[in-house]
Protein chains: 2
Amino acid sequence: MKHTKIKDLLNSTKPIDDVIVKGWVRTFRNNQFLAINDGSVIHNIQAVIDFENTSADTLKRLTTSAAVLVKGNLTESQGAGQKHEIQVKHLEILGDSDAEKYPIQLKNKPSLEFLRENAHLRVRTNAFGAIMRVRSVLSFAIHQYFQEKGFVYVNTPIITGSDAEGAGEMFHVTSLPINDAPKNEEGAVDYKQDFFGKETNLTVSGQLEAETYAMALGQVYTFGPTFRAENSNTSRHLAEFWMVEPEVAFNDLDANMDLAEDFIQYVIKYALERCEDDLKFLDQRLTDEEKTKPMAERSEMSLLAKLNFVLENNFKRVSYTEAIEILKNSKPNKNKKFNYIIEEWGADLQSEHERFLVEKHFKCPVILFDYPAKIKAFYMRLNDDAPQDRQTVRAMDILFPGIGEIVGGSQREERLEVLQQKIADLGIDEKELWWYLDTRRFGTAVHSGFGLGFERLVLFVTGMGNIRDVIPFPRTPQNAEF
Amino acid sequence: MKHTKIKDLLNSTKPIDDVIVKGWVRTFRNNQFLAINDGSVIHNIQAVIDFENTSADTLKRLTTSAAVLVKGNLTESQGAGQKHEIQVKHLEILGDSDAEKYPIQLKNKPSLEFLRENAHLRVRTNAFGAIMRVRSVLSFAIHQYFQEKGFVYVNTPIITGSDAEGAGEMFHVTSLPINDAPKNEEGAVDYKQDFFGKETNLTVSGQLEAETYAMALGQVYTFGPTFRAENSNTSRHLAEFWMVEPEVAFNDLDANMDLAEDFIQYVIKYALERCEDDLKFLDQRLTDEEKTKPMAERSEMSLLAKLNFVLENNFKRVSYTEAIEILKNSKPNKNKKFNYIIEEWGADLQSEHERFLVEKHFKCPVILFDYPAKIKAFYMRLNDDAPQDRQTVRAMDILFPGIGEIVGGSQREERLEVLQQKIADLGIDEKELWWYLDTRRFGTAVHSGFGLGFERLVLFVTGMGNIRDVIPFPRTPQNAEF
């Protein structure tokens, strides 16, 4: 006989005889009440053991994380706290778990840092099970959103021969022996002998390749891993993270902002509908965590309230120029509370400024647009109407409370000559980007896109505080365990 | 006014006034009939130009791949070949395409190899547009299949500190300068100074990490890029490819085979239903290609017939031992036509043997199982009942006509001591795999999983002959362009 998932049993509307459950022990109380979880749902099922007819040896082995099989009748529960329980007729221990050695002792309230060091086991806790189920559902929501709209999913390359992506420091990829690589006549590494016959890196963005596909298929999106070799040891940075990058032919910046806002609202709504139990648990977890903080640092809204707030309110759209005025006249700027005082137009916004705008000034998600050309990437479209000394590009960043930048996007520079000039100004060899420039040479058109850092979205939706807790095996400076 | 996708216009059941289309010119005939494609569907829409009232200069610029906007009335077409057409009232050229310089001249029948060198533009052809749409739909079908069944999508790490995955040669990942890396006291590379503080590589499989998640969440799957630094310059190998790896707690090998078969049939059926036009086109493409081959080499079935055949027939399940008997007694073995003659039990099967079994002997997809332990990976479950000199493991490979191995999987060795012995026999330091062994230490249970090479599936479904033609920007020895 096959076993049944706990999720299905808990959803049952009537008693069922002779069900089989397979899962792992969470707790065992009073030599009688066995809480079993199988990962299908956050809730455990209570199995009532006939302890008088079970050997003491077997009862002793019902320790946290032991794998068990129970067979019995699913009945309405007499006790409080659960609707159903199983009256166990048959119990098997499939795999023991030595209570002395099992690393995660919930009684001791293991820290999040300790759980990170045991990332292979932390997913056996309620919180991490919930986080990873929510992450999975959000991933699917992303695919479903774009597929419903007729977007084509494009797998852009992970290993790239192009070093002009410009989004950050890159990791080298090589099959040559490090410190013993063959040399060419000039004494430099002879990359002709490397696997790809050239220097290669891990991608920082699939955008440039996605653009070539948008100019053929119209609407495309990527969703894959990207990399930054930057020594950013913060709660918001990973060296390896997943990014979603839609790219749409004929979309201008306004349409791009509309798409991003609609997209984010869709996936959050999807998670709210499909992950009710997990999000309720995470909402309570955050509430409990907040209680340990000083009053002034506590969030004004619960997790679920925050998620609903994002669905019910339009994102505030503010130009960079307006934002600078707001910041210049803000209290923390005048009182020199900011680490970086905003003195003039052209300043790059720091995290503290973004947080002020989102969390103190507007108190809602904010889309900043039309940034100074100087502080943004070469492929962004130059605004024609800006004054010569205040050139701006059609860039946009979406800022979220508690998260900061969650989306960065732009309308792309579609004019060949303008783009060539920008590339030349940066000192990039045009030949490096011959294929990218071809999209402007042959049938160029207005187009736009953005990148959403997937883990930042998961961070926001789960209410966790550290990005290392929303990806199964985080990659950060000095850490590539597992 | 917003533009409408060509797909929606072609599906319209009635005339519509004043529609706007934006797309790229495919052909322009008789100074009048403009075929426009926007990537939403394989078909073009025919726009009828009022050439008498259009300047000669504009007409000249209607070259292949020029980006255009047309506005006009959608009417029933008088001509043969299409149901609808647009009577153009307004025409704009958004982006020119110099006919002399545009690389893809369809008149000259560009080779697939030439198109690979122009991978950024090949997607503007019918065949590659179709392939990439089918690829996208297959990706979504994979997610939908697992999500419907309650599997959790897990993103296992791409950069791995573990070199015990055992599936093939790995690429090194480093932020150190190659040939100028710091050295430790022994004179070797001082990886403590590398980004992750240790030697790291690109993953060859997410299986081991996925197993840790299956032992908490029950049913999980990965779908992400994997890498092989092997110098395999064949039509079936890529250095970077996408792999799907489900892993299920409490599944034995039979359940694993059932899952794999059901899964493959589901995704192929999904593509047949959603990509009718694209697959019809690819079916015809293959038929045309087959005609150029000698009779004896032609496929007996068309593409669509092959896809339906897979849906309608169970995969033949054959033990390795049975397969060896069949091969030993086969004509090509007796006549020494095989390059590797099968002489005895224990031989590793080569591609020629697999093809014989699938294409000549059984003439259907085949699942081979229970392979000799010696030729399979350490983590596969040892069969208890096999004779000592013929030890087998609960491995399975699914072989497809024309493709060869499309799936490799196994029931995993769940017994700690057996696994430790195997690891020791291989000379792997147990400490390297401490976290993997933990799954056997704490609540171990029977579990199984498999890996499906996504590009091989796309190859099969699209009927293409070279794996480089079913991924946007292929990575192969000496090639990492774009």
Practice item. Starting from residues that are in a loop (DSSP other than H, G, I, E, B) and modelled with pLDDT under 95, keep the ones in the range B:351-375 and report whichever is surrounded by the fewest Cβ atoms within 10 Å (Cβ to Cβ). Key: B:Lys363
Practice item. Go over the candidates B:Ala181, B:Ala239 one by one and state the one that is without any contact (Cβ under 8 Å) to a residue 24 or more places away in the chain and within 8 Å of chain A (Cβ to nearest Cβ). Key: B:Ala181
Practice item. Could you look through the range B:422-456, keep only residues that are small (Gly, Ala, Ser) and without any contact (Cβ under 8 Å) to a residue 40 or more places away in the chain, and pick out the one that is nearest to B:His237 (Cα to Cα)? Key: B:Gly427
Point to revise | Close pairs (7 angstrom Cβ cut-off, 6 or more residues apart or separate chains): away from every other protein chain (no Cβ under 14 Å) in the range A:9-30, assigned to a helix (DSSP H, G or I) anywhere | key: A:Val19/A:Leu9
Practice item. For B:Gln46, state whether it is under 39 Å from the mean Cα position of the chain (by Cα) and either in a strand (DSSP E or B) or closer than 22 Å to A:Thr439 by Cα (or both). Key: yes
**Study point:** Out of B:Ile471, B:Ile403, sole residue that is more than 9 Å from chain A (Cβ to nearest Cβ), in contact (Cβ under 8 Å) with a residue 24 or more places away in the chain and hydrophobic (A, V, I, L, M, F, W, C)
**Key:** B:Ile403
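The rows are residues; the columns are (1) surrounded by 14 or more Cβ atoms within 10 Å (Cβ to Cβ); (2) assigned by TED's automatic domain parsing to the domain that holds A:Lys374; (3) of a type in the set (A, V, I, L, M).
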{"position": "A:Leu311", "(1), (2), (3)": "no, yes, yes"}
{"position": "A:Arg317", "(1), (2), (3)": "yes, yes, no"}
{"position": "A:Tyr320", "(1), (2), (3)": "yes, yes, no"}
{"position": "A:Pro332", "(1), (2), (3)": "yes, yes, no"}
{"position": "A:Glu344", "(1), (2), (3)": "no, yes, no"}
{"position": "A:Ala347", "(1), (2), (3)": "yes, yes, yes"}
Review point. Does A:Thr222 qualify as being more than 9 Å from chain B (Cβ to nearest Cβ), buried (at least 19 other Cβ atoms within 10 Å of the Cβ) and either touching a helix residue (DSSP H, G or I) at 6+ places or on another chain (Cβ under 8 Å) or part of a loop (DSSP other than H, G, I, E, B) (or both)?
Key: yes
Review point. Here is a list of conditions, (1) assigned by TED's automatic domain parsing to the domain that holds B:Met380; (2) modelled with pLDDT of 95 or more, and B:Gly197 meets all of them except one; can you say which number that is?
Key: (1)
Exercise for review: Identify, from the list B:Gly187, B:Gly168, B:Gly197, B:Gly206, the residue that is small (Gly, Ala, Ser) and more than 10 Å from chain A (Cβ to nearest Cβ).
Suggested key: B:Gly168
Exercise for review: State whether the residues of the range A:394-407 include one that is of a type in the set (Gly, Ala, Ser), over 21 Å from A:Glu211 (Cβ atoms) and assigned by TED's automatic domain parsing to the domain that holds A:Pro246.
Suggested key: yes
Revision key, fill the gap. Restricting the range B:398-451 to residues that are more than 33 Å from the chain's Cα centre (by Cα) and in a loop (DSSP other than H, G, I, E, B), the one farthest from B:Ala373 (Cα to Cα) turns out to be B:Gly443
**Study point:** Count - residues of the range B:147-160 that are touching a helix residue (DSSP H, G or I) at 6+ places or on another chain (Cβ under 9 Å), at the interface with chain A (Cβ under 7 Å from one of its Cβ atoms) and not polar (S, T, N, Q)
**Key:** 5
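Residue by residue, here is whether (1) buried (at least 20 other Cβ atoms within 10 Å of the Cβ); (2) within 17 Å of the chain's Cα centre (by Cα) holds:
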position	(1), (2)
B:Ile104	no, no
B:Phe114	no, no
B:Arg122	yes, no
B:Met132	yes, yes
B:Leu138	yes, yes
B:Lys149	no, no
B:Ile159	yes, no
B:Val173	yes, no
Check your understanding: In the range A:84-98, is there at least one residue being more than 16 Å from A:Leu9 (Cβ to Cβ) and part of a loop (DSSP other than H, G, I, E, B)?
Key -> yes
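The values are calculated or read from the model by the stated rules, or taken from the named source; none is laboratory data. From a predicted model like this one, the values you see are computed outputs, not experimental measurements. Glycine gets a Cβ as well: all are built from the backbone with ideal geometry, and neighbour counts include every protein chain shown.
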